[in-house]
1. Give segment 231-247 a look and list any residue that's more than 25 Å from residue 196 (Cα to Cα) and buried (at least 21 other Cβ atoms within 10 Å of the Cβ), or say none.
2. Failed condition for residue 280, given (1) at pLDDT 95 or above; (2) surrounded by 20 or more Cβ atoms within 10 Å (Cβ to Cβ); (3) under 28 Å from residue 64 (Cβ atoms), with all others met?
3. Can you say whether residue 206 is closer than 28 Å to residue 145 by Cβ, assigned to a helix (DSSP H, G or I) and touching a helix residue (DSSP H, G or I) at 6+ places or on another chain (Cβ under 8 Å), as far as the supplied structure shows?
4. Taking the residues in segment 104-134 that are without any contact (Cβ under 8 Å) to a residue 24 or more places away in the chain and crowded, with 16+ Cβ neighbours inside 10 Å as candidates, determine which candidate is farthest from residue 58 (Cα to Cα).
5. Which ones in segment 72-92 are outside any loop (DSSP other than H, G, I, E, B) and crowded, with 18+ Cβ neighbours inside 10 Å?
6. Is at least one residue of segment 290-297 over 25 Å from residue 194 (Cβ atoms) and modelled with pLDDT of 95 or more?
7. I need every pair where a residue in segment 75-103 that is over 24 Å from residue 141 (Cα atoms) has its Cβ under 8 Å from the Cβ of a residue that is assigned to a loop (DSSP other than H, G, I, E, B), sequence separation at least 6 or different chains.
8. Got a sec? Which of 56, 85, 64 is in contact with a strand residue (DSSP E or B) (Cβ under 9 Å, 6 or more places away or on another chain) and at positive phi?
């Protein structure tokens, strides 16, 4: 599916809930509670994936909030797996509840998992997430290896003064394990604008400091580096210092069924209304023509929603 700028859009991210059992300061407002009132039903999700598969979507990523808070998660994965044209189903999770569900999810059709992890220090982990759960996340990484769901991708948000001194530890994790650590520049949005002041740490600073990293390849929105002869990789997602909009291949659906053509735009389209139309495919094709050329973070144009309400 080509958009107006000839980008091949084949990747759809679906937020299954905007609730989360973590309260990461860069992602979730303090008053976020477990509330499923605005969540799409399992059937609505399946119907939307069927529609988008006809448009050329091949890869689905399930996100949140925290997707494991959905009791019907396994059924959702199984339903998507049965849709023609869908080649891969992946998920982004904080990992707290992952180990107990992982075997069942793999059997249903889940291929891989991205885990969010910003520090290896137990006290700092509890401080930023509000949960004393570091050991469970480390166990989830081991479980993913045990089930051969590799490469395991670990999303680490770069936060100056918080984890900037742990970057070397994250890089070492890739030496002997099939893990791709993905350093993500802190993105300003929603309620984190004040909190994020003076906490920005660029991907370029990491690359300049850790000279053992060698450029390996590009991967859509990420640039991939490696330590020579390592089993894993180090990725950089840098929307601030290295705008990658020209290679963007993704769109997003929020938990309440709104389509976001760009993460950093407040414009949304109600897909649940589109499903009720006589020609939903025709309407969707018209909407896809509205995907913007690029975001405007460099102009300090920030969106109103928090990341937890979007799905990353």
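1. Passing the criteria: 232, 233.
2. (2) is the only condition that residue 280 fails.
3. yes
4. Filtering segment 104-134 for residues that are without any contact (Cβ under 8 Å) to a residue 24 or more places away in the chain and crowded, with 16+ Cβ neighbours inside 10 Å, the one farthest from residue 58 (Cα to Cα) comes out as 125.
5. Listed by number, the residues that qualify are 73, 76, 77, 78, 79, 80, 89, 90, 91, 92.
6. no
7. Here the result reads 80/86; 80/109; 85/54; 85/56; 85/57; 85/58; 86/57; 86/58, each pair linking segment 75-103 to a residue that is assigned to a loop (DSSP other than H, G, I, E, B).
8. Among 56, 85, 64, only 56 is in contact with a strand residue (DSSP E or B) (Cβ under 9 Å, 6 or more places away or on another chain) and at positive phi.
The values are calculated or read from the model by the stated rules, or taken from the named source; none is laboratory data. Values in this document were obtained by computation on a predicted structure and should not be read as measured data. All Cβ positions, glycine included, derive from the backbone under ideal geometry; neighbour counts span all protein chains shown.
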